[in-house]
Each structure stands twice: as C-alpha cells, then as structure tokens.
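Engineer: Handing you this structure, nothing more for now.
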Amino acid sequence: LDTAQLTQVNDPILVRDLVCAGGGLSFAPDIYCRADLARGALVHLYPDIRIEHQSSLLLLYPGRRLLPKKTRVFIDFLHEICTSRQRIEKQARLDK
C-alpha cells in the first residue's frame, strides 16, 4: 500500500466515489456506502470495527410565533429521525 499520497475531502459522496474509482481506502459513513457494498463496488475491510461519533443538529428559525405548518412538519420529521436512530443504536448496544 503506497501511502505517499493523502487526499482530504469533507464530502462523503465524493469520498465514496473516489474509493469506488480506485482512489484508495477510506472511513466513510455507512449510509453513503450501502448500495455500493451491496453491488460489490466496495468491500468492507473490517466490518467489526465501528467508529462511534456523536454530532448535534441545530435548527434555527425565527421563533415559534406564526411558524408555517411546513416548518413545523419538517422540525417534527427531523426530530423523529434523530430520536428513532438513537433508540435503534441503544437497543443494538443492549442486544450485544
């Protein structure tokens, strides 16, 4: 493995595309790689290794007064995604 070259990219889709094109190895979020893993374009070298990462999601909007319904629906949608993922991850840790 020639490690003389290093590429830093902050776009997970570009990282995936670079690796699929033979650009080397990478850590990449699972959500961006599932289809390529399934079709064999990518190979999971160490499937038992998981990098735990926590992040925050901040929604900024001009107050709750006169909040458009579509904004409220979007906020509720994001809240459900975040909390359901937390429940799934917590259950997975308990199942181990």
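The values are calculated or read from the model by the stated rules, or taken from the named source; none is laboratory data. Only a predicted model underlies this, so the values are computations on that prediction, with no experimental measurement involved. Note: ideal-geometry Cβ built from the backbone for every residue, glycine included; neighbour counts use all protein chains shown.
Engineer: Considering only residues that are surrounded by 10 or more Cβ atoms within 10 Å (Cβ to Cβ), without any contact (Cβ under 8 Å) to a residue 12 or more places away in the chain, part of a loop (DSSP other than H, G, I, E, B) and not aliphatic (A, V, I, L, M), which ones fall in the range 1-42?
Structural biologist: Across the range 1-42, the qualifying residues are Asp11, Ser26.
Engineer: Additional query: Within the range 52-86, which residues are farther than 24 Å from Ala28 by Cβ and in a helix (DSSP H, G or I)?
Structural biologist: Passing the criteria: Lys69, Lys70, Thr71, Arg72, Val73, Phe74, Ile75, Asp76, Phe77, His79, Glu80, Thr83.
Engineer: Now, a different point. So, in the range 59-69, of the ones that are hydrophobic (A, V, I, L, M, F, W, C) and either in the same structural domain as Ala28 (by TED's automatic domain parsing) or more than 30 Å from Lys90 (Cα to Cα) (or both), which residue ends up surrounded by the fewest Cβ atoms within 10 Å (Cβ to Cβ)?
Structural biologist: Across the range 59-69, the extreme among qualifying residues is Leu66.
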